[in-house]
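Accompanying notes for the structure given below.
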Amino acid sequence: MPRPLLPKTQRYRKSSKTDNASVTDWTSNPQVSSAVQLLRQQAVIAYPTESVWGLGCNPWSREAVTKLLKLKNRSVDKGLILIAADSVQLQPFLEGLTPPQLQRFQTPQKKPTTWLVSNNGHAPEWITGGHDTLALRITDHPLAAALCRLFGGPLVSTSANLQGQPAAISAGQVRSYFAEEVDFVTPGEVGGAAKPSEIRYLATGEVVREG
């Protein structure tokens, strides 16, 4: 039986400043473990990514995704990005790709890259927004990857900001946007990327958003 959510005052607390480089294994960090426990209980968390802070939740939980979209004032029709620690976690969504497409997806890029792959029907429509493509990224941010590993699959990743506002680049900025409405803010810091991930069509390589 799932553990009940902790009282808000216990689970929404200021994390001590922790440099990404000072932690060799985020999967053993107790605060990261706590965040994953909450993800399994329909929570929305904030965590650092390659360039900005993101909001994340369980992509299979319509309740959690709806909560996240409401926080951002974002339409479900826009769709959401899923991140994973490796391509194995995204395997159901990659079924039907050609060998060259799969090789392109698995090849590390010079900058964080989100790929728009053909929607094969495995992702729920509250993730795809009804589009014929699905946005996927293998994250190289150590903490974000650890969250995915501990969770056991991909997570929603969308910038931590109100729709139309600049993306948060610090935990303090996350709190200024959302106060205590986000269930948990992890430790860690954003990576070294100067811009949010580049978005490209996997089939053609066409750039939709430059990174």
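The values are calculated or read from the model by the stated rules, or taken from the named source; none is laboratory data. Not measured: the values here are computed from a predicted model. Positions of Cβ are generated from backbone atoms using ideal geometry, with glycine treated the same way; all protein chains shown enter the neighbour counts.
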query: Filtering the range 68-94 down to residues that are closer than 30 Å to Asp25 by Cβ and not hydrophobic (A, V, I, L, M, F, W, C), which residue is surrounded by the most Cβ atoms within 10 Å (Cβ to Cβ)?
result: Gln89
- prompt: Does the range 192-204 contain any residue that is over 28 Å from Ser33 (Cα atoms), surrounded by fewer than 22 Cβ atoms within 10 Å (Cβ to Cβ), touching a Phe, Trp or Tyr at 6+ places or on another chain (Cβ under 9 Å) and basic (Lys, Arg)?
  reply: yes
query: What single numbered condition from (1) within 20 Å of Glu181 (Cα to Cα); (2) among the polar types (S, T, N, Q); (3) modelled with pLDDT under 95 fails to hold for Thr27?
result: (1)
- request: Could you please find all residues in the range 160-197 being touching a helix residue (DSSP H, G or I) at 6+ places or on another chain (Cβ under 7 Å) and among the aromatic types (Phe, Trp, Tyr)?
  value: Phe178, Phe184
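Filtering the range 98-124 down to residues that are within 24 Å of Pro196 (Cβ to Cβ) and touching a helix residue (DSSP H, G or I) at 6+ places or on another chain (Cβ under 8 Å), which residue is surrounded by the most Cβ atoms within 10 Å (Cβ to Cβ)?
So the first thing to find is which residues in the range 98-124 are within 24 Å of Pro196 (Cβ to Cβ), and the list is 101, 104-119, 123-124.
Those still in the list that are touching a helix residue (DSSP H, G or I) at 6+ places or on another chain (Cβ under 8 Å) too: 105-106, 115, 117, 119, 123-124.
On the way: Phe105: 18, Gln106: 12, Trp115: 26, Val117: 21, Asn119: 19, Ala123: 22, Pro124: 12.
Per the criteria, the residue is Trp115.
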- request: Write out, first by first residue and then by second, each pair whose Cβ atoms fall under 6 Å of each other, whose residues are 6+ apart or on separate chains, and whose first residue, in the range 176-187, is under 15 Å from Ala35 (Cβ atoms) while the second is modelled with pLDDT of 95 or more and hydroxyl-bearing (Ser, Thr, Tyr).
  value: Thr186/Tyr47
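So which residues in the range 151-166 are aliphatic (A, V, I, L, M) and buried (at least 19 other Cβ atoms within 10 Å of the Cβ)? Spell out how you get there, then give the answer.
Our first condition is that a residue be aliphatic (A, V, I, L, M); within the range 151-166, this holds for 155-156, 160, 162.
Within the range 151-166, Leu155, Val156, Ala160 meet the criteria.
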